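Engineer: To start, I am sharing the structure in question, which I have written as structure tokens.
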Amino acid sequence: MTRRAAFALASLLASCAEHRAPVARHPSPDAGEAATGRACLPAGTFVRGAAGRRRRDERGPRTVAVGAFCIDRTLVTRAEFARFVAATGHVTDAERRGFGIESVEGMLDWEWRRAPHASWRRPFTEEDADTRSFLRDDAPVVMVSWYDASAFCAWRRGRLPGEDEWEYAMRAGSQGTRFPWGDRLTDDRGRARINRWEGASHARNDRGDGYVYVSPVRAFAPNAWGLYDPAGNVWQWTADAYVTGDAGAGSERVLRGGSWWCAACTCEGYGLWYRGHTEARAAFSNNGFRCAYGAAERE
């Protein structure tokens, strides 16, 4: 994978001050949904973007209105995707193309490579104690393209969330901060809040959050609206085509949230500001998704 292609997934994110998230004034999700796999969110507004951030594909803060909708509390798991494949016979883009794209511990920073025959079924070249984390039933499914994710959501009578919907849901009422709880990567006891790469380089992961690669979809505490992995673990596909201020939409689609691969040594893309993007048919070992639904489409 070239440096340019790697930058398409991740780029440097500005540093942040440590302060708690201010809370926007709008309703919380329906408490009756708390025990289900979806959160149904009321219509509302939030401030998207942050002051002082002027990447080529970002704008300054602006107020965005979002209609009512429902969204999965967790990333789609391998077990859920397996049921979809069994029911529909769906063949993923990685399977059709004969390769996925991987990066593993010990590779150079920004280094990605084709993994022959890798797909959501076995998203790595060599199996070891760490890569087996990808094979857990409760791990997020990876090496799924935008088209694969869209097909799954349609099967579930849903769709991929739009960028505005995604950020509104993951912010859970917070404004202007990197994470829904503020800007800190750890809680008051020093425990990791998200799954990211921890180490001076990708030569070795220090495992400060307990994982080298993916973590189970409920491994970390959810945001205030009960949504897990609002940042980190895997990049999350959105419905939106990637558009910059100086170019129209192409074949790339937007991903949000960052992943287990993101680190201070390379891509600090984990969080609620950064806009990842890559080709719609790309199938990386750190790409996943969750589905959104109409407000009336409850379980």
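A short reminder: the numbers here are calculations on the coordinates, not readings from a lab. Here the structure is a predicted model, which is why all the values come from computation and not from measurement. Glycine also receives a Cβ, built like all others from the backbone with ideal geometry; neighbour counts cover every protein chain displayed.
Engineer: Collect residues whose amide H, placed 1.01 Å from N in the peptide plane, falls under 5 Å from the amide H of G182; neighbours closer than 5 in sequence don't count.
Structural biologist: A21
Engineer: Given points 7 Å out from each Cα along the Cα-Cβ axis, report the A86 to E127 separation in nanometres with one decimal.
Structural biologist: It is 1.9 nm.
Engineer: A further question follows. Using modelled amide H (1.01 Å from N, peptide plane; none on Pro or chain starts), what sits under 5 Å from the amide H of A115, excluding residues fewer than 5 places away?
Structural biologist: G100, I101, E102
Engineer: Estimate the FRET efficiency between D138 and E111 by the formula 1/(1 + (r/R0)^6), using the beta-carbon distance for r and 51 Å for R0, to the nearest 0.05.
Structural biologist: Values: r = 29 Å, r/R0 = 0.56.
With a Förster radius of 51 Å, E is 0.95.
Engineer: Rounded, prolate or oblate for the range 65-195? Axes are the square roots of the Cα gyration tensor eigenvalues, ordered a ≥ b ≥ c, and the cut-off for rounded is a/c under 1.5.
Structural biologist: Oblate, since a/c reaches 1.5 and b/c is not below a/b.
Engineer: Kindly write out, for the range 137-148 in residue order, the coupling ³J(HN,Hα) from the Karplus curve 6.51 cos²θ - 1.76 cosθ + 1.60 (θ = phi - 60°), rounded to whole Hz, with x marking Gly and Pro.
Structural biologist: 4, 9, 7, x, 5, 10, 6, 10, 7, 4, 5, 4
Engineer: Now for a different question. Quick query: amide H of T266 versus all other amide H atoms, modeled in the peptide plane; which residues come in under 5 Å with a sequence gap of 5 or more or a different chain?
Structural biologist: Those lying under 5 Å, H to H, from T266: there are none.
Engineer: Please turn the phi angles of the range 266-281 into ³J(HN,Hα) values with the Karplus equation 6.51 cos²θ - 1.76 cosθ + 1.60 (θ = phi - 60°), one per residue in order, whole Hz, x for glycine and proline.
Structural biologist: Whole-Hz 3J(HN,Hα) from phi for the range 266-281: 9, 9, 9, x, 5, x, 9, 9, 5, 10, x, 7, 7, 4, 5, 9.
Engineer: What does the extension gain come out to for D164 and D183, with contour length at 0.36 nm per residue minus their alpha carbon separation?
Structural biologist: Answer, rounded to one decimal: 4.8 nm.
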